[in-house]
Structures are given as C-alpha cells and as structure tokens.
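Trainee: Got a structure for you, written out below as structure tokens; questions coming shortly.
The values are calculated or read from the model by the stated rules, or taken from the named source; none is laboratory data. Quick caveat: nothing in here was measured; it's all calculated off a predicted structure. All Cβ positions, glycine included, derive from the backbone under ideal geometry; neighbour counts span all protein chains shown. Calculation scope for accessible area: heavy atoms of the full protein, side chains included, ligands and nucleic acids excluded. Shrake-Rupley method; radii C 1.70, N 1.55, O 1.52, S 1.80 Å.
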Amino acid sequence: MRTRKSLDLRGLFWLGAVPTLLLCAASVIPAQSIFPSRLNLEGAVADALRNNPETRLSESKVKIADLKTREAKTGMQPYVEFTQSVTRSNDPAFVFGSLLQQGRFTAAHFALASLNKPNGMFNFRSAVAARMPLFDQRQARARIDQADTGKRQTELRADGVRQRLRFDVIRTYYSAILAKEMLKVGDDAVRSAEANKKKAQDMAEVGMTTDAD
C-alpha cells in the first residue's frame with residue numbers, strides 16, 4: 001500500500017511539472033532575445049573605463065595639461081604680429097603729420113587757414129612686426145618644464161584612477177562568481193541533508209533503527 005501511494009504521488013508530480021516546464025521553456029526564448037549576452041571580465045573592465053565619469057574627468061585634465069604644455073612652448077618660437085588702426089581728427093598737428101606720412105602734402109596746405117583750422121581726416125595705419133626671442137633669462141624654458149611636470153603628474157593621476165577602477169571591477173566580478181559558487185555549495189548541502197533525512201526515515205519505517213536514534 002505504501003509503494004502504490006508513492007507511485008501515485010510521483011505521477012501527479014510529473015503531470016503538474018510538465019506544463020510548468022513547458023511554460024518555463026517558452027518564457028526563456030524571448031528572455032534570451034531581450035537580455036544581453038553574459039559579460040566577461042575583459043568586457044566589464046572596458047565598459048567601466050569607457051563609461052565611468054571619473055575616468056572621463058581625468059582624461060579631460062590630461063588634455064588640458066597637454067594644451068598648457070603646447071602654450072608654454074610657443075614662448076620660444078618666433079611670431080609675426082599684424083596690427084591695423086583707423087583714426088579721425090581735425091587737430092592741426094595730427095592732420096599735418098598724417099598728410100606727410102601719407103605723401104599727400106602739397107603747397108596748398110601751407111595756407112594759414114589750412115594749417116590753423118584744417119578739415120578732419122582719416123588716418124589708416126597698418127603694421128607688420130616679427131619677433132624672435134633670443135634670451136629671456138630662461139623664463140620660457142622654466143615655464144615649459146613646469147608645464148611638462150604638471151602634465152606628467154596629471155597623467156599619473158589618470159592612470160591611478162584607471163588602475164583603481166580595474167581593481168574594483170575585478171574584485172566585484174570575482175566576488176559575484178564566488179557568491180554564485182557558494183550558493184551552489186549551499187544547495188548541494190541542502191540536498192545532501194534532505195537525502196540523509198529521507199534515508200533515516202526509511203530506515204526507521206523498515207525497523208532498522210528507532211525514532212530516538
């Protein structure tokens with residue numbers, strides 16, 4: 001009688017389990033298409049380095065330091081300066097000098113009325129100047145060395161940020177794997193305890209041991 005009852009329960013279990021398994025199998029197919037594939041350690045580190053705000057900030061600081069180094073180096077290079085100005089005035093000295101500079105002075109401009117009360121005029125001036133630093137008491141070299149040192153420090157700090165982020169990702173990644181394996185070990189221990197319990201119950205039922213044992 002006990003054996004028949006056990007078979008009946010197993011039959012009911014499988015009858016109820018088959019629809020459940022089919023439903024689970026049907027739900028797994030769309031889930032695989034919705035969720036991304038499993039992320040490996042290399043991909044996790046790459047995503048963290050690419051998307052972490054602290055990493056982006058450190059990279060921006062490195063670019064700024066590089067621009068400061070380039071700016072400091074321009075102090076030792078020759079450069080050309082172009083200037084242009086426009087002036088209008090009726091000041092007698094300004095008009096007289098402007099006419100001379102422009103080569104427009106004539107004998108008519110010696111008239112007293114023209115000299116004392118000239119009409120206002122425009123004076124356009126354009127100039128091109130070239131400069132070449134020869135000796136500045138090594139001030140430009142000192143600025144370049146200072147900028148290079150700052151750039152190197154910024155690069156080291158950025159590398160430290162990346163290394164710390166790699167360490168955090170690797171530690172979290174393997175902690176998740178360890179937790180998953182510990183869960184499997186716990187499940188195995190529970191199944192082993194249930195099997196031992198079932199074995200003890202069967203031995204007590206057939207009279208091989210007592211409930212007290």
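Trainee: So in segment 39-93, with the set limited to residues that are acidic (Asp, Glu) and in a helix (DSSP H, G or I), which one is nearest to LEU112 (Cα to Cα)?
Mentor: Step by step, filter segment 39-93, then rank; the result is GLU71.
Trainee: Of all the residues that make up segment 151-163, how many are β-branched (Val, Ile, Thr) and open to solvent by 90 Å² or more (accessible area, probe 1.4 Å)? Can you show your working first?
Mentor: Start the filter on segment 151-163 by keeping residues that are β-branched (Val, Ile, Thr), which leaves 154, 161.
Checking the rest, the ones that are also open to solvent by 90 Å² or more (accessible area, probe 1.4 Å) come to none.
Going through segment 151-163 one residue at a time, the tally reaches 0.
Trainee: Another one. Among the residues of segment 121-139, write down those that are open to solvent by less than 100 Å² (accessible area, probe 1.4 Å) and in contact with a strand residue (DSSP E or B) (Cβ under 8 Å, 6 or more places away or on another chain). It would help to see each step written out before you state the result.
Mentor: Taking segment 121-139 first, the residues open to solvent by less than 100 Å² (accessible area, probe 1.4 Å) are 121, 123, 126-127, 129-130, 133, 136, 139.
Within segment 121-139, MET121, ASN123, SER126, ALA127, ALA129, ALA130 qualify.
Trainee: Here is a further query. Inside segment 173-203, can you point out the residues that are among the hydroxyl-bearing types (Ser, Thr, Tyr), open to solvent by less than 100 Å² (accessible area, probe 1.4 Å) and out of contact with any helix residue (DSSP H, G or I) (no Cβ under 7 Å at 6 or more places or on another chain)? Working first, answer last.
Mentor: If we filter segment 173-203 for residues that are among the hydroxyl-bearing types (Ser, Thr, Tyr), which is where we start, we get 173-175, 192.
Retained after the next criterion (residues that are open to solvent by less than 100 Å² (accessible area, probe 1.4 Å)): 173, 175, 192.
Scanning segment 173-203 gives SER175, SER192.
Trainee: Between a first residue in segment 74-94 that is farther than 30 Å from ASP148 by Cα and a second residue that is among the charged types (D, E, K, R) and surrounded by 10 or more Cβ atoms within 10 Å (Cβ to Cβ), which pairs have beta carbons less than 6 Å apart while being 6 or more apart in sequence or on different chains?
Mentor: Correct list of pairs: SER85/ARG125.
Trainee: Turning to a different aspect of this structure: Does ARG166 satisfy the criteria of being open to solvent by 100 Å² or more (accessible area, probe 1.4 Å), among the basic types (Lys, Arg) and modelled with pLDDT of 80 or more? Spell out the reasoning first.
Mentor: On the way: open to solvent by 100 Å² or more (accessible area, probe 1.4 Å): no; among the basic types (Lys, Arg): yes; modelled with pLDDT of 80 or more: yes.
Taking the combined requirement at face value, the residue does not satisfy it.
Trainee: Can you name the condition, by its number, that SER60 falls short on among (1) within 30 Å of TYR174 (Cα to Cα); (2) at pLDDT 85 or above; (3) surrounded by 10 or more Cβ atoms within 10 Å (Cβ to Cβ); (4) among the polar types (S, T, N, Q)?
Mentor: For SER60, the failing item is (1).
Trainee: While we're looking at this one, here's another question. If a residue must be of a type in the set (Ser, Thr, Tyr) and farther than 30 Å from ALA129 by Cβ, how many such residues does segment 84-116 contain?
Mentor: To start, the set of residues in segment 84-116 that are of a type in the set (Ser, Thr, Tyr) comprises 85, 87, 89, 98, 106, 114.
Restricting the remaining residues to those that are farther than 30 Å from ALA129 by Cβ gives 106, 114.
Summing the residues that are of a type in the set (Ser, Thr, Tyr) and farther than 30 Å from ALA129 by Cβ in segment 84-116 gives 2.
Trainee: Does segment 77-89 hold any residues that are open to solvent by less than 100 Å² (accessible area, probe 1.4 Å) and more than 30 Å from ARG141 (Cβ to Cβ), and which are they?
Mentor: Within segment 77-89, SER85, VAL86, THR87, SER89 qualify.
Trainee: Hey, LYS151 hits all of (1) more than 24 Å from ILE64 (Cα to Cα); (2) touching a residue at least 60 places away in the same chain (Cβ under 8 Å) but one; which does it fall short on?
Mentor: Failing condition for LYS151: (1).
Trainee: All but one of (1) part of a helix (DSSP H, G or I); (2) open to solvent by less than 60 Å² (accessible area, probe 1.4 Å); (3) out of contact with any Gly (no Cβ under 8 Å at 6 or more places or on another chain) hold for THR209; which doesn't?
Mentor: Only one criterion in (1) part of a helix (DSSP H, G or I); (2) open to solvent by less than 60 Å² (accessible area, probe 1.4 Å); (3) out of contact with any Gly (no Cβ under 8 Å at 6 or more places or on another chain) is unmet by THR209, namely (1).
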